[in-house]
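One structure is given below, encoded as structure tokens.
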Amino acid sequence: MEIVGLAHERLNEGDVEGLISLCDGDFELDMTARVLNPKMYRGHEGIRAFYREVSDVWEEFRWEPLRFSEAADKVVVLLHSHGRGRGSGLEMARDAAMVWTVREDRAVSVRFYIDQAEAVEAAGLRE
């Protein structure tokens, strides 16, 4: 669970290379549940592409973990995300979740969920 907390810290600090150092070379970032620009990102270059896209659209964006829960190789992170649009100044905030898969102290995937209960269920946990 520690690696996932560290991954969120590095993401929120803008330390993309630090985040990548925690992730397997075949890392998968599944953002297909997003309303805008649903997409799957693969590998270290995929992480860089994701962060560039977020930075292009958002002047500021943070994923604030509220709770971590662990089940086998899965870590569910219930989070509050918020940001301010680049240029528009539009503010956005919502609760969401991410389910990370960690093997041998390396993050191998993360899947984004709009619905926190769905994320908890997908990891085989109960709220």
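Where a number appears in this text, it was derived from the coordinates with a stated rule and is not lab data. Given the structure is predicted, the values throughout are model-derived calculations rather than measurements. Reconstructed Cβ throughout: ideal geometry from the backbone, glycine too, with neighbour counts over all protein chains shown.
Overview of results
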| quantity | calculated |
| --- | --- |
| Estimated FRET transfer efficiency (Met92, Arg42; beta-carbon r; R0 25 Å; 0.05) | 0.45 |
| Proxy reagent accessibility, fewest Cβ within 10 Å first, across Phe112, Phe68 | Phe68, Phe112 |
| Theoretical ellipticity at 222 nm over the chain - DSSP helices of four or more residues, -39500 (n - 2.57) apiece, nearest 500 | -9000 deg cm²/dmol |
| Relative exposure of Ile47, Ile3, judged by other C-beta atoms within 10 Å (fewest first) | Ile3, Ile47 |
| Two-decimal Rg/Rh across segment 2-122, once Rg and the Kirkwood Rh are taken from alpha-carbon atoms | 0.94 |
| Packing-based exposure ordering (other Cβ within 10 Å, fewest first) of Val108, Val75 | Val108, Val75 |
